[in-house]
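> A single structure is presented below for examination.
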Amino acid sequence: MKKKIIYGLLAIVLLVDIIITAVVGLRVSLYYGEGYTISFSEKSTIEKADIEQIAKDVFEKDYLVQNVEFYNDSALIKVKNVSDEQLSNLATKLNEKYSSTIESSDLKVEHVQNVKIRSIVEPYVLPLIIATLLILAFYAVRYRGSKQMLGLLKYLVIAEALLYSAYAICRVPVNTMSMPVAFTLYGLVILVYTFVGELKKSK
């Protein structure tokens, strides 16, 4: 009875996940989200920490900084929105820091669209399918039955569905750590389930 209640609740949560995803989609971090990139170059070496401090002074929050050249003489700042005043302020602070003569018009500003979640997930689909099939094949040989195989699949689906709920219902933004976290959870479920299976087998 308890299992039926738990599975029922999980089914409801999964349904809510699907509805939210269909209606409003998932929330993405600035790294994948729509915004503006501001790129520039300096004659001297650019320290990322310095640019991050300047970006913090100019944009206060919701910004990303990265070096874009091998010799660290160019950098890129990504923000959700940018105004002419902020561009002018950015140029002024860069000039103060690097003793340069950058004008706001020298800053290259480009609008970028949201990265599709599908394009983030797609590279991992085939390796995940292959790995799962190999693991299930091991289970078929090791435990000589479908019960353990189905049990593993069940717990994998439950674990990943709960993780997905964090993104859909709790609105945790999808970021560069999302896929590593999903694969870590995938591996942990397999390790724990296999460990429990080995304990039962040894009895």
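The values are calculated or read from the model by the stated rules, or taken from the named source; none is laboratory data. The structure displayed is predicted, hence computed values, not measured ones. Cβ atoms come from the backbone with ideal geometry, glycine included; neighbour counts cover every protein chain shown.
> Identify the single condition in (1) touching a helix residue (DSSP H, G or I) at 6+ places or on another chain (Cβ under 9 Å); (2) among the hydrophobic types (A, V, I, L, M, F, W, C); (3) surrounded by 13 or more Cβ atoms within 10 Å (Cβ to Cβ) that Leu188 does not satisfy, given that it satisfies every other one.
(3)
> Show the residue pairs that are 6+ apart or on different chains and have beta-carbon atoms under 9 Å apart, the first residue being within the stretch 12-41 and within 14 Å of Asn114 (Cα to Cα) and in contact (Cβ under 8 Å) with a residue 40 or more places away in the chain, the second being in a helix (DSSP H, G or I) and of a type in the set (S, T, N, Q).
What qualifies is Ser29/Ser178.
So that you can scan it fast, the table gives a plain yes or no per residue for (1) without any contact (Cβ under 8 Å) to a residue 60 or more places away in the chain; (2) farther than 26 Å from Asn175 by Cα; (3) aliphatic (A, V, I, L, M):
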{"position": "Thr45", "(1), (2), (3)": "yes, yes, no"}
{"position": "Glu52", "(1), (2), (3)": "yes, no, no"}
{"position": "Tyr63", "(1), (2), (3)": "yes, no, no"}
{"position": "Leu76", "(1), (2), (3)": "yes, no, yes"}
{"position": "Ser88", "(1), (2), (3)": "yes, yes, no"}
{"position": "Thr132", "(1), (2), (3)": "yes, no, no"}
{"position": "Tyr143", "(1), (2), (3)": "yes, yes, no"}
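> Further question on the same structure: Look at Ile129 and say whether it is β-branched (Val, Ile, Thr), surrounded by 14 or more Cβ atoms within 10 Å (Cβ to Cβ) and either under 22 Å from Leu10 (Cα atoms) or assigned by TED's automatic domain parsing to the domain that holds Tyr7 (or both).
No; evaluated as a whole, the condition is false for this residue.
> Continuing with the same structure: Name the single residue, out of those in the stretch 153-203 being charged (D, E, K, R) and part of a helix (DSSP H, G or I), that is nearest to the chain's Cα centre (by Cα).
The extreme case among them is Glu160.
> Looking at Ser100, Ser104, Ser146, can you tell me which residue is at pLDDT below 90, over 29 Å from Ser29 (Cα atoms) and surrounded by 15 or more Cβ atoms within 10 Å (Cβ to Cβ)?
Step by step, each of Ser100, Ser104, Ser146 is checked, and only Ser100 is at pLDDT below 90, over 29 Å from Ser29 (Cα atoms) and surrounded by 15 or more Cβ atoms within 10 Å (Cβ to Cβ).
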